[in-house]
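See structure below.
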Amino acid sequence: MAYNIVPLNELINQFERLPGIGKKTATRLAFSVLAAPKEQAQRFADALVNAREKIHFCACCQSFTDLEICPICADETRDKSVICVVSEAKDVLAFERTREYNGLYHVLHGVLSPLDGITAEQLKIKELMARLADGTVKEVIMATNPTVEGEATSSYLSRLIKPMGIKITRLAYGIPVGGDLEYADEVTLSKALEGRNEI
């Protein structure tokens, strides 16, 4: 149902564009914003604009940061000889929750999906290859989701990296096929890391 209030309809439409938000939830969120004190609504709006303006890709791993280099890449205690390749920045958070992995990351920002028009040029693959060129990295862990697209991306990257003499491993399948890393619990991710296999 559309309301005869243009700004309200626009607010509902914008909420509805967010992933996982349907019409009912978008409407509930819009009314929640309207019911909030003006200062709270302003802080919400400022936080959106501020995040969009100040957060960008890390110059090293391509994850999100408000600094030139993200805190993980800048951490001298991390093992710089291992890079875990993930599809999305939110996957980094999933691994960090396990407290089991001490290497670095590389975020592709998607997976190969010809049907959706997503090609290698649209992913952060050339940035990954540049990182591997100096010989510091000894192992690359492929941690894309165990979906058809994730597997295709993993295979594609493996073919590019193998000639460089770098060990390539894949997460063990403690993670259900068709599942998302974002929703995996810490134990499942830990076991998947421990049982990874060379490709």
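Computed values, structure above
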{"quantity": "Hey, Ala133 small (Gly, Ala, Ser) and out of contact with any Ser or Thr (no Cβ under 8 Å at 6 or more places or on another chain) or not", "calculated": "yes"}
{"quantity": "Residue in region 56-68 that is open to solvent by less than 70 Å² (accessible area, probe 1.4 Å), closer than 29 Å to Leu189 by Cβ, at pLDDT 95 or above and in contact with a Gly (Cβ under 9 Å, 6 or more places away or on another chain) present", "calculated": "no"}
{"quantity": "Matching residues, region 71-92, being in a helix (DSSP H, G or I) and either without any contact (Cβ under 8 Å) to a residue 12 or more places away in the chain or surrounded by 15 or more Cβ atoms within 10 Å (Cβ to Cβ) (or both)", "calculated": "Pro71, Ile72, Cys73, Ala74, Ala89, Asp91, Val92"}
{"quantity": "Cβ pairs under 8 Å, 6+ apart, first in region 149-164 and over 15 Å from Glu139 (Cα atoms), second part of a helix (DSSP H, G or I)", "calculated": "Tyr156/Ala120"}
{"quantity": "Any chance Ile141 is touching a Gly at 6+ places or on another chain (Cβ under 6 Å) and either open to solvent by less than 60 Å² (accessible area, probe 1.4 Å) or polar (S, T, N, Q) (or both)", "calculated": "no"}
{"quantity": "Of residues in region 3-48 being of a type in the set (A, V, I, L, M, F, W, C) and open to solvent by 80 Å² or more (accessible area, probe 1.4 Å), the one nearest to Asp66 (Cα to Cα)", "calculated": "Leu48"}
{"quantity": "Residue that is modelled with the highest pLDDT [pool: residues in region 150-199 that are of a type in the set (Asp, Glu) and under 19 Å from the mean Cα position of the chain (by Cα)]", "calculated": "Glu151"}
{"quantity": "Residue that is most open to solvent (accessible area, probe 1.4 Å), among those in region 107-124 that are at pLDDT below 95 and outside any loop (DSSP other than H, G, I, E, B)", "calculated": "Leu115"}
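The values are calculated or read from the model by the stated rules, or taken from the named source; none is laboratory data. This is a predicted model, so every value here is computed, not measured. Using ideal geometry, Cβ is built from the backbone for each residue, glycine included, and neighbour counts are taken over all protein chains shown. With ligands, DNA and RNA removed, areas are computed over all heavy atoms of the protein, side chains included. Shrake-Rupley method; radii C 1.70, N 1.55, O 1.52, S 1.80 Å.
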